[in-house]
Amino acid sequence: MKSTISTNLPLWLRLFLLVGIAAFATGAALLAYRYYTRPVTLTVAVGSIDGEAAKAMSGIAGELVSRNAPVRLKVIDSGTALEAANAFSAGKVDLAVVRGDVGDLSQAQAVVVVSHMVVLIIAPPGSSIDSIDSLKGHIVGVVGGPVNAKIVDVLTNEYDLASAKVAFKNVTLTDVRQAIQSKQVSALLVAIPLAEKYLARVRGFFQLDHKKAPVLIPIESAGAIAEAERAFESFDVPKGTLRGSPPVPEDDLTTLRTSLYLVAQKRLGTDLVTSLTQAIMSARRDLMREQPIFAQITAPSTDQDAYLPLHPGAAAVYNSTTQSFMDEYGNWIYLTPMVLGGAATLLAAAWKFLGLGSQTSEGPLDSLYALGRRIRKAVTEAELSDIEEEIDDILRAERAKSADGDENAVDAATLNVAAHRLEGLIHDRRAVLAKRPVVASAA
């Protein structure tokens, strides 16, 4: 028997219902797809005394947008590297650009090394100070203040500067030149990337000419400090880094170096950080055109005992263990035939619902069974008589088919059973109608 809905509803209404369902399903699928493929925005805290860190990270964020990367960055300028580290350790941001020697990094996992911060101790031109021992009794200006507190501590402990009465005084970036000229400080301590932008700023702290050159003071015990404090490493400043002619320093100079990391919270998903790492490393070449300092972007140490452990998502990129084609698309390959099969089933159901295509014509038995419902609803003798004539017509037509040898003709036994049942229904209905009281007609 046909579905009551598809039989009773007109074609235009069935078509309208199907179009509405299809539109709803398409809209839902589109929303789901857009939700699944939407870029994920991560918050990143940065900070530096000159504001350059925020500008640099904004450049990276802009490059990710232009590349339509699956991960985007919302840059939050925290003012200083220490404040950025504090925001990260408090869980207020997803990422942060932090120095390895600053703040609580217990929840941090490395993504990329953004740059390296080299410790420079510089005495003004003409100064007699040429070693840490000769700093005895002098004041050293610390550019950046609390951010470089760890450096001050390790130097003080290694060289016993407290007994040597070496004092350290925090100096703001805007007050450095005045502090030198007024001899408030005898030397400067700064931690900067060895990039021309920052080296030029250091040269600007002093009044230089061809004959006058600042003095770079070596940290000869850098190796011993690095063994005790893993945030640091020994580093040789190349000859002529600060000035080329005459070269400053005159030869390679030993000092300390720490790294500037982009770190992620441990809670961030592996796939998400993998996408972020791939996007940054891919954008690195274009970023270098805007700011050469981005040439220092590199992979952190992949050693198991590295000072900052790698985030598993970043490790997958550097160790070349990202998903293969089958790993990434295997589920789609497996599910696609199932989805197509389901779609074919739905289309077939819709086609049937519309009542389109070839349909089996109603047979004589269907017609006879339909008469049973009419018999039960008949209210007059005339209706029953008409039904009896229809039964006779159907039986007569089928006997004629059978006589002509039609293979589709219903056999006589089946027809007789159906007809006999209908005759019984007619007899019962006549008995019911006969018992009804006769209503007298009005005079």
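If each of residue 15 and residue 408 carries a label point 7 Å out from its Cα toward its Cβ, how far apart are those two points in nm?
2.8 nm
Summarise the accessible area of the range 137-258 (1.4 Å probe, protein heavy atoms) by the percent that is carbon and sulfur.
It is 48 percent, rounded to a whole number.
Among 232, 433, 347, whose Cα lies farthest out toward the positive end of the dipole of the chain, if unit charges sit on the beta carbon of Lys, Arg (+1) and Asp, Glu (-1)?
Result: 232.
Note down the relative contact order for the range 118-198 as a percent, whole number, built from C-alpha pairs under 8 angstrom at least six residues apart.
That works out to 48 percent.
Under 15 Å between alpha carbons, and skipping anything fewer than 8 positions from residue 165 in its own chain: which aspartates and glutamates qualify?
133, 153
Using 7 Å Cα-to-Cβ label points, what is the residue 400/residue 149 separation (nm, one decimal)?
11.0 nm
Could you state the accessible area per residue of the range 32-132 in Å², with a 1.4 Å probe and every protein chain left in place?
Accessible area per residue, the range 32-132: 41 Å².
Going through the cross-link list 183/239; 55/169; 183/212; 92/266; 136/169; 150/266, which pairs have a Cα-Cα distance over 22 Å in this structure?
183/239; 55/169; 150/266
With the contact rule set at Cα under 8 Å and sequence spacing of 6 or more, what percent relative contact order holds for the range 201-256?
33 percent
At what distance in angstrom do the alpha carbon centres of the range 124-170 and the range 394-417 lie from each other?
117 Å
With the dipole of the range 27-170 worked out from charges on the C-beta (+1 for Lys and Arg, -1 for Asp and Glu) around the Cα centre, which of 163, 118, 85 lies farthest toward the positive end?
Selected residue: 85.
For residue 377, which lysines qualify as cross-link partners when the Cα separation must be under 29 Å and same-chain residues fewer than eight apart are set aside?
Those lysines meeting the cut-off are 2, 435.
Relative contact order (percent) for the chain, with alpha-carbon contacts under 8 angstrom and 6 or more residues of separation?
16 percent
Each label point is 7 Å from the Cα along the Cα-to-Cβ direction; what then is the distance between the points at residue 376 and residue 162, in nm?
Distance between label points: 10.4 nm.
Output ³J(HN,Hα) for the range 42-52: one whole-Hz value per residue in order, computed from phi by the Karplus curve 6.51 cos²θ - 1.76 cosθ + 1.60 with θ = phi - 60°, and x for Gly and Pro.
10, 8, 10, 8, 9, x, 7, 5, 9, x, 5
For the range 93-99, just list the computed ³J(HN,Hα) in residue order, Karplus coefficients 6.51, -1.76 and 1.60, θ = phi - 60°, integers in Hz, with x standing in for Gly and Pro.
Once θ is set to phi - 60°, the couplings for the range 93-99 become 9, 7, 9, 7, 9, 10, 8 Hz.
If exposed GluC sites (Glu not before Pro) are those in a DSSP loop with at most 12 other Cβ within 10 Å, what is the longest stretch of the chain that has none?
For GluC sites (Glu not before Pro) (loop position, at most 12 other Cβ atoms within 10 Å), the longest site-free span of the chain is 1-249.
Treating the beta-carbon of each Lys and Arg as +1 and of each Asp and Glu as -1, no other charges, what is the dipole magnitude of the range 22-141 about its Cα centre, to the nearest 20 debye?
Once rounded to the nearest 20, the dipole reads 680 debye.
Could you tell me which of 288, 214, 316 has its Cα farthest along the dipole of the chain towards the positive end, charges placed at Cβ (Lys, Arg +1; Asp, Glu -1), taken about the Cα centre?
Looking along the dipole axis, the top candidate is 214.
Calculate the dipole size of the range 73-138 relative to its Cα centre from +1 charges on Lys and Arg beta carbons and -1 charges on Asp and Glu beta carbons; express the result in debye to the nearest 20.
100 debye
So how strong a dipole does the chain carry about its Cα centre when Lys and Arg Cβ are +1 and Asp and Glu Cβ are -1, to the nearest 20 debye?
Dipole magnitude for the chain comes out near 1340 debye.
Once amide H atoms are built 1.01 Å from N in the peptide plane, which residues 5 or more positions from residue 42, or in another chain, come under 5 Å H to H?
72, 73, 74
Subtract the Cα-Cα distance of residue 286 and residue 432 from 0.36 nm times their separation in residues, and report this length gain in nm to one decimal.
Roughly 43.1 nm would be gained on extension.
Given H placed 1.01 Å from N in the peptide plane, which residues other than close sequence neighbours of residue 243 have an amide H under 5 Å from its amide H?
It is 248, by chain and number.
Between residue 369 and residue 22, 0.36 nm times their residue separation minus their Cα-Cα distance comes to what?
Residue separation times 0.36 nm, minus the Cα-Cα distance, leaves 121.3 nm.
Treating cross-link reach as a plain straight distance, find the aspartates and glutamates whose alpha-carbon is under 15 Å from the alpha-carbon of residue 197, omitting any fewer than eight places away in the same chain.
The reachable aspartates and glutamates, counting only those whose Cα sits under 15 Å from residue 197, are 50, 52, 290.
If you compute volume of the Cα convex hull per residue in Å³ for the structure shown, which of (i) 290; (ii) 231; (iii) 164 do you land on?
The listed entry that was calculated here is (i).
May I ask you to list the residues of the range 210-242 whose amide nitrogen lies under 15 Å from a point 7 Å from Cα along the Cα→beta-carbon direction of residue 250?
Within reach of a label on residue 250: 211-218, 239-241.
Just for the chain, what percent of DSSP beta bridges are antiparallel, to the closest 5?
Just about 60 percent of them are antiparallel.
If amide H atoms are built 1.01 Å from N in the plane of the peptide, which residues on other chains or at least 5 residues away come under 5 Å of the amide H of residue 215?
For residue 215, whose amide H was placed from the backbone, the distant partners under 5 Å are 123.
The values are calculated or read from the model by the stated rules, or taken from the named source; none is laboratory data. What you are looking at is a predicted structure, and each value in this text was computed from that prediction instead of being measured. Cβ atoms come from the backbone with ideal geometry, glycine included; neighbour counts cover every protein chain shown. Surface accessibility is based on the protein's heavy atoms, side chains included, excluding ligands, DNA and RNA. Shrake-Rupley method; radii C 1.70, N 1.55, O 1.52, S 1.80 Å.
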